[in-house]
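The values are calculated or read from the model by the stated rules, or taken from the named source; none is laboratory data. Here the structure is a predicted model, which means the values were calculated and not measured. Glycine also receives a Cβ, built like all others from the backbone with ideal geometry; neighbour counts cover every protein chain displayed.
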């Protein structure tokens with residue numbers, strides 16, 4: 001985002017849904033570019049609209065606040081909540097974090113290997129920036145040299161075949177990052193994410209264990225926030241609240257029919273625990289594998305029962321769903337009440353939910 005604030009309304013007409021959402025929730029502006037705080041990011045992925053009036057301000061201290069970010073080995077599933085307003089997230093990093101929210105655990109190693117361009121089982125700041133930014137420049141026809149992207153005079157060794165393959169595969173794996181590169185010229189200095197991964201001096205290196213933990217913690221933190229917003233301090237949320245959460249960010253026009261269907265068929269609440277809640281969203285992050293498995297076994301052309309569904313989820317994704325959770329899902333989506341799930345309708349709605357309403 002390099003345009004002046006007076007141009008933002010015009011840009012909004014041509015922006016992708018993700019760009020629009022970023023601009024709507026971002027509360028920082030520095031040198032003509034918009035940034036989010038960690039608080040802004042959490043709001044953007046858990047709420048329909050910002051909770052506060054958008055007020056841009058120019059504040060060098062805001063970017064310096066990123067220096068208070070803990071190192072990655074001290075990370076937790078409360079990182080973004082603890083940082084709150086003290087930190088800076090660029091648009092590119094926003095896209096990267098959104099990607100993490102929808103990636104299965106099995107893909108974490110692949111993602112790490114894409115960044116690890118020299119294959120030494122460690123990722124440094126330079127590798128992270130090259131793999132994350134450089135392919136997007138090429139994708140949009142920008143042929144700026146790697147050196148100028150990194151803003152350093154150091155010469156880089158020529159890429160080997162395997163490095164090129166890694167970078168190309170990374171671009172495919174994180175293809176959802178490849179949106180309009182409005183922020184290509186953004187400064188690559190010390191944002192919250194860079195300080196968290198590589199330290200205040202940018203000299204630290206990131207290993208797979210810390211990278212995995214960061215991705216897992218981010219997924220957990222967002223789920224905890226959504227769960228806690230409905231649990232009112234209890235250990236469970238109601239089945240109806242679970243239905244509300246599932247139907248958020250989807251294209252379902254008449255959600256009331258799904259909710260009424262569930263109320264009639266689950267008259268007594270048992271509640272959904274956080275472990276059950278989290279397991280379902282782990283399944284959603286594996287939705288592509290599940291879809292392929294269903295097509296291979298010809299389940300995609302017909303409705304399926306609870307036992308078939310539960311077994312198919314486990315075989316395709318390795319995720320175990322509790323009988324009560326599966327029963328609740330069926331009661332929500334079994335609109336004709338034949339104890340069968342309409343596969344195509346369910347998958348379509350869940351793909352919307354996985355992407356939180358914008359692709």
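Structure data summary
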quantity	calculated
Matching entry among 79, 83, 97 (being within 30 Å of residue 24 (Cα to Cα) and either at pLDDT below 50 or in contact with a strand residue (DSSP E or B) (Cβ under 9 Å, 6 or more places away or on another chain) (or both))	97
Residue list for the stretch 22-42, restricted to those being surrounded by fewer than 20 Cβ atoms within 10 Å (Cβ to Cβ) and closer than 17 Å to residue 355 by Cα	42
Members of the stretch 269-307 that are crowded, with 17+ Cβ neighbours inside 10 Å, closer than 26 Å to residue 259 by Cα and touching a strand residue (DSSP E or B) at 6+ places or on another chain (Cβ under 9 Å)	272, 273, 276, 277, 280, 303, 304, 306
Top-ranked residue of the stretch 82-115 - restricted to ones that are touching a residue at least 60 places away in the same chain (Cβ under 8 Å) and part of a loop (DSSP other than H, G, I, E, B), ranked as surrounded by the most Cβ atoms within 10 Å (Cβ to Cβ)	87
Top-ranked residue of the stretch 320-352 - restricted to ones that are closer than 16 Å to residue 104 by Cα and buried (at least 20 other Cβ atoms within 10 Å of the Cβ), ranked as modelled with the highest pLDDT	321
Single match in 302, 311 (criterion: assigned to a helix (DSSP H, G or I) and farther than 21 Å from residue 102 by Cα)	311
Residue 210, sole failed condition from (1) within 21 Å of residue 322 (Cβ to Cβ); (2) surrounded by 19 or more Cβ atoms within 10 Å (Cβ to Cβ)	(1)
